[in-house]
Amino acid sequence: MTTVGILGGGQLARMLALAGVPLGLRFLVLDPSADACAGQCAPLQVGAFDDQAALARFADQVDVVTFDFENVPAASAQWLAQRVPVFPGPRALAIAQDRLSEKSLFGELGIPVPAFQAVSTRAQLDAALARIGVPCIMKTRRFGYDGKGQFRIRSLADAEAAWDALGAQAGSVGLIVEGFVAFDRELSVVAARSRDGQFKAFPLTENWHVDGVLSASLAPARASQALRAQAIDYARRVAEATDYVGVFALELFCQGQTLLANEMAPRVHNSGHWTIEGAEISQFENHLRAVLGLPLGEPAMRGMACMLNWLGQMPDATAVLSQAGGHWHDYGKSARAGRKVGHATLRAEEATALSCALADVGAALSRPDQVQPVIARLNENGVGGD
Ligand code: AMP
């Protein structure tokens, strides 16, 4: 009997556990919160990620460790790795935890990135603004996610406000200034790499964010064959350079036919949730297979899929469940403004049917703004490439 230990007990751990049950796996989830939602599906150990006694008890009970949360302290990952296999490895995790090191790596690998510069003083912010120009974005190097820890600098007059908002964190988590990319769209590659170097990428996905948080994903992205191949090649370079094991996401901005890398997430990713019903194997099962040294499954799509995120509170399920290809995921969380509480996936064999299903769901749930950009993309001509 193999037990997989997961650091972090949110919806990603929950969906990993759900995917692992058919494989005969057991799970143990470590999370500081007693009501972490993965605890409804797998045994939960309540403890802090930097509590060595908690980590020791955890390590004693598991055969392999992985993450649902990338901001686990690097020292804890290293400590665990001396006792039990940890995937992705602490080095890959450390690179992905720091926006400066991941952007530097992308650059070294020949992957285009927005202009960027690390900043640790107010004077360095001015120097970065002079070099990069405005508009730009100042972000915390570490611990930022879903648009948190970011400040948009629209003109030089915003520098003071940006420093007031984030300057105090320069010493603790570090800051980076990035050029603002006027992208046409946001794309992501979700891919798996196994212990023996096998690499499998899911089809390129297009993503829409609202206030920095994912709102909808469409797969496959309507992009040319050349663009899809380029994106997947970038993901492969990152995986090989970091000796990555498991599933990860590479987030990309697309401007015309140019792709720029924004960041990598060293874990299963929100933009890959559609794979549960939309692909031959889900990102969750492929992650488990990768970290356990099992053969990876084929990431081929079954038709097309659109995922809609539910934030704050769950809407009524009826409209989605009434669709032939409608699937519902309630993470079992209490309602809270902005919190990811669930998602739906709509699957169809072709674009017209998917577009109709989205229009029905958007109307029934009074969420036209969430479905409209996806419908517009599905209705575009000539972006399908081949
Ligand atoms: P991040 O936390 O870096 O993934 O940023 C969250 C969202 O903010 C992204 O998905 C983009 O919509 C937007 N964003 C972040 N960085 C940039 C950038 N350099 N240029 C334009 N938009 C950005």
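Taking every DSSP bridge with both residues inside the chain, close to 80 percent are antiparallel. For the range 115-179, taking Cα atoms only, Rg and Dmax work out to 10.2, 28 Å respectively.
Around the amide H of Thr2, modelled in the peptide plane, lie the amide H atoms of Arg26, all under 5 Å away and 5 or more residues distant in sequence or on another chain.
Count Lys and Arg as plus one, Asp and Glu as minus one, and take only other residues whose Cβ is under 11 Å from that of Gly312; the net charge is then +4.
Restricting attention to the range 39-114, which GluC sites (Glu not before Pro) occupy a DSSP loop and are surrounded by at most 15 other Cβ atoms within 10 Å?
When the GluC sites (Glu not before Pro) of the range 39-114 are filtered for loop state and at most 15 Cβ neighbours within 10 Å, nothing remains.
Across q = 0.09, 0.11, 0.16 Å⁻¹, the range 240-386 modelled as identical point scatterers on its alpha-carbon atoms has Debye log10 I(q)/I(0) values of -0.33, -0.50, -1.04, in the order of the q list. Among the listed pairs Lys103/Lys139; Lys148/Lys340; Lys139/Lys333, those with a Cα-Cα distance over 21 Å are Lys139/Lys333. Considering only Val84, Val189, Val64, the Gaussian network model of the chain with Cα springs below 10 Å gives its largest mean-square fluctuation to Val84.
Over the chain, DSSP H runs of length four or greater, each weighted -39,500 (n - 2.57), average out per residue to a 222 nm ellipticity of -9500 deg cm²/dmol. Return the single residue from Ser101, Ser217, Ser355 with maximal mean-square fluctuation; model: Gaussian network over the chain, springs between Cα atoms under 10 Å. Of Ser101, Ser217, Ser355, the most mobile in the Gaussian network model is Ser101.
Sites listed here are trypsin sites (Lys or Arg not before Pro) in the range 70-141 whose DSSP assignment is loop and whose Cβ has at most 14 other Cβ atoms within 10 Å: Arg83. With θ taken as phi - 60° and the Karplus curve 6.51 cos²θ - 1.76 cosθ + 1.60 applied, the whole-hertz 3J(HN,Hα) list for the range 7-22 is 7, x, x, x, 5, 5, 4, 4, 6, 5, 4, 4, 6, x, 4, x Hz, x standing for glycine and proline.
Let me check I've understood the local charge: for Arg339, count other residues with C-beta under 12 angstrom from its C-beta, Lys and Arg +1, Asp and Glu -1. What total comes out?
Charge balance near Arg339 sits at +2.
For the chain, the C-alpha radius of gyration divided by 2.2 N^0.38 Å, with N the number of residues, is 0.97. Taking a Cβ cut-off of under 13 Å around Asp158, the surrounding Lys, Arg, Asp and Glu residues balance to a net charge of -1, with basic ones at +1 and acidic ones at -1.
In units of the compact-protein estimate 2.2 N^0.38 Å, the range 3-86 shows a Cα radius of gyration of 0.96.
Bear in mind these aren't lab numbers, they're just calculated from the coordinates by the rules spelled out. Just so it is clear, the structure is predicted and the values come from calculations on it, not from any experiment. Cβ: placed from backbone, ideal geometry, glycine included. Neighbour counts: every protein chain shown.
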